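Okay, structure first, notes after.
The values are calculated or read from the model by the stated rules, or taken from the named source; none is laboratory data. Everything quoted here is computed from the prediction, not taken from an experiment. Note that we place each Cβ from the backbone using ideal geometry, even for glycine, and neighbour counts take in every protein chain shown. We work out accessible area using only protein heavy atoms, side chains counted, and drop any ligands, DNA or RNA first. Shrake-Rupley method; radii C 1.70, N 1.55, O 1.52, S 1.80 Å.
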Amino acid sequence: MDAVDTTMEKLRAQCLSRGASGIQGVARFFRRLDRDGSHSLDVGELQRGLAELGLVLDTAEMEGVCRRWDRDGSGTLDLEEFLRALRPPMSQAREAVIAAAFAKLDRNGDGVVTVDDLRGVYSGRAHPKVRSGEWTEEQVLRRFLDNFDSSEKDGQVTLAEFQDYYSGVSASVDTDEEFVAMMTSAWRL
């Protein structure tokens, strides 16, 4: 385990020790560290914050942490990147049920779920906004798909994006059995 992984595990343990308020507490902590109000943390802000928690890293180690967690390449960490980094890894059982749900949606098997794929599995005709004439069925399916899409919302959801969405859900479900039951029920697997 390298320094970044060790830091992550210590920070994750700190959050879990705070119980149900852990993520909310992390969000408050993040906002407090964001001294310049940019809605993101630079290396210095994160380094000071982790030091407050007793996780003292030198500048080179801190830069490594930031590089690993910075998904958009901005050189800083926004709250979403910070929270994503705190998520515990998923078990094989959780990954398998997520892959099964994705495979159900990916009707043509090309590794990408689109509105056309959804149309083959679900109908949006009963949605209240379709029934009222406010939205089309296409709009309902697109909005549904956007839940799993990355921040770019390109109308195509990859397995990685689907897994990323469910890793956030997974972090709030205690046992594999509960998570698998929830996924099995929700996706009718």
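Here residue 129 is the anchor, and the lysines within straight C-alpha reach of less than 27 Å, apart from those fewer than 8 places off in the same chain, are 104, 153. For the chain, what is the calculated [θ] at 222 nm in deg cm²/dmol (nearest 500), taking -39500 (n - 2.57) for each run of four or more DSSP H residues and dividing by its residue count? Mean residue ellipticity, 222 nm, calculated: -17500 deg cm²/dmol. Rolling a 1.4 Å probe over the protein heavy atoms leaves residue 4 with an accessible area of roughly 20 Å².
Note on residue 5 and residue 173: their simple-model spin labels are 2.6 nm apart, each label 7 Å out from Cα toward Cβ. Considering segment 92-187, its Cα convex hull presents a mean projected area of 6.5 nm². For segment 102-119, 3J(HN,Hα) computed residue by residue from phi via the Karplus equation (6.51, -1.76, 1.60; θ = phi - 60°) reads 4, 4, 5, 6, 7, 4, 9, x, 8, x, 9, 9, 10, 4, 4, 4, 4, 4 Hz, glycine and proline entered as x. Taking only the Cα atoms of the chain, the ratio Rg/Rh comes out at 1.04, with Rh defined as the Kirkwood radius. Taken about its Cα centre, the chain carries a charge dipole of roughly 740 debye when the Cβ of each Lys and Arg holds +1 and the Cβ of each Asp and Glu holds -1. Evaluated at 10 °C with a viscosity of 1.306 mPa s, what Stokes-Einstein diffusion coefficient in µm²/s does segment 3-86 have when Rh comes from the Kirkwood expression over alpha-carbon pairs? It diffuses with D of about 125 µm²/s by this estimate.
Positive end of the dipole of the chain, charges at C-beta (+1 Lys, Arg; -1 Asp, Glu), about the Cα centre: which of 86, 179, 148 has its Cα farthest in that direction? It is 179, whose Cα lies furthest towards the positive end. Taking a ≥ b ≥ c as the square roots of the Cα gyration tensor eigenvalues, with a/c under 1.5 meaning rounded and otherwise prolate when a/b beats b/c, else oblate, which class fits segment 32-76? It is oblate, given that a/c is not under 1.5 and a/b is not larger than b/c.
Compared with the dominant Cα axis of the chain, that is its longest principal axis, helix 59-69 is turned about 10°. Would you mind getting the Kirkwood hydrodynamic radius of segment 43-135 from its Cα pairs, rounded to one decimal in Å? Radius from the Kirkwood sum: 17.3 Å. Among 138, 61, the order of accessible area from largest down is 138, 61, computed with a 1.4 Å probe on protein heavy atoms.
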